[in-house]
Amino acid sequence: MKDSIGFRIPRRALIREYRSMAIVMPVGLLAPWLLGVVTLSSVIQTFFFVAFIFGCCFWYTLKYRWVYLSMEGVQGESPWGAKFFIPWTAKVALESRSAFGGIKCISIQAEDQKPALMLPVAISETPEFIEALKMVAPSEHPLLSATDHLKIK
């Protein structure tokens, strides 16, 4: 795709998503110790190992470009990791979904494609994405009119 613009999940939205997962982690690690199954030192070692993996995942997710817009269409991934492209001329259906580990997304599915492209809601609400979308998408495209009915509660 020539001259495309890639979009990342904003840091604040990503921190909100990861914070909800980080609250559960210490409780899950302390439960075996409280039950007397493991020692405190093994819980501490496991905590630091899991925290390191968690931090690496956060950094990768922060740097990852989830969706690309160009004059030809939108490109992204399905929840199964398949990358594909949907031209602006294709008829699409939009639906609210959670994908990618609970990240709230808008499912964009072309009539002739089985998997759906997933657009994180946090990206779709950024001023940069909205402005870029207005510049490249045709005026009648459903993404331009997608507002509150797509938001996941």
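The values are calculated or read from the model by the stated rules, or taken from the named source; none is laboratory data. These numbers were taken from a predicted model, which means no experiment stands behind them. Heads up, the Cβs are rebuilt from the backbone with ideal geometry, glycines too, and the neighbour counts pull from every protein chain shown. Just so you know, the surface numbers come from the protein's heavy atoms only, side chains and all, with ligands and any DNA or RNA stripped out. Shrake-Rupley method; radii C 1.70, N 1.55, O 1.52, S 1.80 Å.
Give me the distance in nm between label points sitting 7 Å out from Cα along the Cα-to-Cβ direction at residue 11 and residue 134, one decimal.
Placing both labels 7 Å beyond Cα along the Cβ direction yields 2.6 nm.
On a 1.4 Å probe surface of the protein chains, which of 19, 8 comes out largest in accessible area, and what is the full order?
19, 8
Filter the chymotrypsin sites (Phe, Trp or Tyr not before Pro) in the stretch 29-131 to those in DSSP coil with at most 11 other Cβ atoms within 10 Å of their Cβ, and list the result.
Hits after loop and neighbour filter: 80.
Determine, from the Cβ-Cβ distance of residue 49 and residue 95 and an R0 of 41 Å, the FRET efficiency 1/(1 + (r/R0)^6), rounded to the nearest 0.05.
0.65
Sorted by accessible area with a 1.4 angstrom probe, largest first, how do 83, 63 fall?
Accessible-area ranking of 83, 63, largest first: 83, 63.
Using only DSSP helix segments of four residues or longer, with each worth -39500 (n - 2.57), what per-residue ellipticity at 222 nm results for the chain after dividing by its residue count and rounding to 500?
-13500 deg cm²/dmol
Just the number, please: carbon plus sulfur as a percent of the accessible area of the chain, 1.4 Å probe, no ligands or DNA/RNA counted.
Answer for the chain: carbon and sulfur cover 63 percent of the accessible area.
Kindly provide the Kirkwood hydrodynamic radius of the chain in Å, to one decimal, from all pairs of distinct alpha carbon atoms.
So the Kirkwood estimate lands at 17.3 Å.
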